[in-house]
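The values are calculated or read from the model by the stated rules, or taken from the named source; none is laboratory data. Bear in mind that the values here come from a model prediction, so they are computed numbers and not experimental data. Using ideal geometry, Cβ is built from the backbone for each residue, glycine included, and neighbour counts are taken over all protein chains shown. All accessible areas refer to the heavy atoms of the entire protein, side chains included, with ligands and DNA or RNA removed. Shrake-Rupley method; radii C 1.70, N 1.55, O 1.52, S 1.80 Å.
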Amino acid sequence: MVATFQEDTAPSSVSSSPLQVFSTMSLTRRTLLSSSSSSFQVLKPEERGLILIHLLLTCANHMASGSLQNANAALDQLSHLVSPHGDTMQRVAAYFTEALANRILKSWPGLYKALQSLLREALAVSSVLQLHTFLASDSDMSNNNGHSLSGDSASSLPLSNSGKIDRFLNAIWGLSPKIMVVTEQHSDHNGSTLMQRLLESLYSYAALFDCLENKIPRTSQDRIKVEKMLFGEEIKNIIACEGSERRERHEKLEKWSQRIDLAGFGNVPLSYYVMLQARRLLQDYGFYGYMIKEESGCAVICWQDRPLYSVSAWRCSK
């Protein structure tokens with residue numbers, strides 16, 4: 001998200017997340033869960049989360065190797081264990097399962113389009129400009145591999161090759177704004193392979209779902225709509241789409257800083273007073289578990305130790 005202005009912004013009660021021990025688990029193929037969904041429910045949340053993560057990675061690996069039968073078996077098992085109304089990992093895994101299923105369906109374009117026409121429903125439309133949607137490279141725009149299961153698009157190109165975002169930032173610079181404020185998801189969802197994007201997006205969206213779990217009841221219709229219509233659709237686009245169809249290309253602050261600097265903008269560091277006020281607001285409203293960190297003069301909003309969004313300010317420098 002970008003905003004331009006022409007005229008002169010504690011302890012946690014959250015239980016440990018399975019992603020906190022995810023880095024220690026083996027990614028080698030092992031025997032999949034053979035117990036029933038009823039026995040799955042009696043496991044600890046961390047154990048359930050690790051099982052779901054392993055099944056998602058197994059499914060993605062099979063897709064990347066073209067083994068659709070094995071991928072389908074993993075999806076079938078996931079369908080019995082995930083739930084958009086369950087705990088944090090069951091909810092986030094439900095949307096990753098849907099995204100992986102969509103990726104398989106896209107290999108049969110006729111079937112996929114027929115199902116989409118039957119299942120399509122009205123989604124919330126945001127008028128906020130999202131800079132990451134401009135990150136598709138020129139080769140992505142001209143050569144769309146949207147229906148490939150194993151061939152991922154070469155989207156991780158040098159910054160100078162992302163012509164669309166370069167042209168957009170140059171146009172913004174031409175307006176000579178007094179200040180430009182950029183807010184983007186602090187994640188790397190622009191990897192060139194399915195496995196890169198799956199691993200990174202599992203971390204980031206599990207954190208987003210986890211922070212909602214801490215403050216909003218599971219039965220809240222507002223929460224369900226945000227998870228389904230916003231996060232769920234983003235996950236589906238990151239995982240199921242390739243080429244020009246893949247619009248959700250979030251990148252981390254350091255890459256955005258490099259892009260914006262190359263476009264002729266200079267960073268305006270957020271003051272100590274602004275950072276102090278932001279932290280006080282979190283405390284005053286009881287948002288325990290959230291943190292605001294300073295990184296190179298910018299603010300990074302975190303859930304526990306996981307960065308969620310970055311906020312940076314810029315002005316024309318050339």
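In this structure, D188 does not qualify as under 19 Å from M89 (Cα atoms), modelled with pLDDT of 90 or more and of a type in the set (D, E, K, R).
Please work out which residue is surrounded by the most Cβ atoms within 10 Å (Cβ to Cβ), limiting yourself to the range 70-108 and to residues that are of a type in the set (D, E, K, R) and part of a helix (DSSP H, G or I). By that ranking, first place goes to R91. Per this entry, K255 is not counted among residues that are closer than 23 Å to N102 by Cα, part of a helix (DSSP H, G or I) and not β-branched (V, I, T). G191 passes every criterion in (1) open to solvent by 50 Å² or more (accessible area, probe 1.4 Å); (2) part of a loop (DSSP other than H, G, I, E, B) apart from (1). Within the set P269, P217, the sole residue that is part of a loop (DSSP other than H, G, I, E, B), under 23 Å from the mean Cα position of the chain (by Cα) and surrounded by fewer than 16 Cβ atoms within 10 Å (Cβ to Cβ) turns out to be P217.
Could you run through the range 286-313 and say how many residues are exposed (fewer than 15 other Cβ atoms within 10 Å of the Cβ) and in contact with a Phe, Trp or Tyr (Cβ under 7 Å, 6 or more places away or on another chain)? Within the range 286-313, residues that are exposed (fewer than 15 other Cβ atoms within 10 Å of the Cβ) and in contact with a Phe, Trp or Tyr (Cβ under 7 Å, 6 or more places away or on another chain) number 0. Filtering the range 234-246 to residues that are charged (D, E, K, R) and closer than 28 Å to K293 by Cβ leaves only E234. Residue under question is A136, and the condition is that it be crowded, with 20+ Cβ neighbours inside 10 Å, under 22 Å from the mean Cα position of the chain (by Cα), assigned to a loop (DSSP other than H, G, I, E, B) and modelled with pLDDT under 95; does it hold? Yes. Of all residues in the range 56-69, those satisfying the criterion of being more than 15 Å from I239 (Cα to Cα) and either open to solvent by less than 10 Å² (accessible area, probe 1.4 Å) or outside any helix (DSSP H, G or I) (or both) are S65, G66, S67. Of all the numbered requirements in (1) at pLDDT 90 or above; (2) surrounded by fewer than 18 Cβ atoms within 10 Å (Cβ to Cβ), C241 misses one, and that requirement is (2). Considering (1) under 24 Å from I224 (Cα atoms); (2) modelled with pLDDT of 95 or more, the lone condition that C59 does not fulfil carries the number (1). Answer yes or no: is there a residue in the range 212-230 that is in contact with a Pro (Cβ under 8 Å, 6 or more places away or on another chain) and among the acidic types (D, E). The answer is yes; a qualifying residue exists. For first residues located in the range 253-265 and closer than 16 Å to Q185 by Cα, partners that are open to solvent by 80 Å² or more (accessible area, probe 1.4 Å) and lie 6+ apart or on another chain with Cβ distances below 9 Å form the pairs L253/S296; E254/S296; S257/S296.
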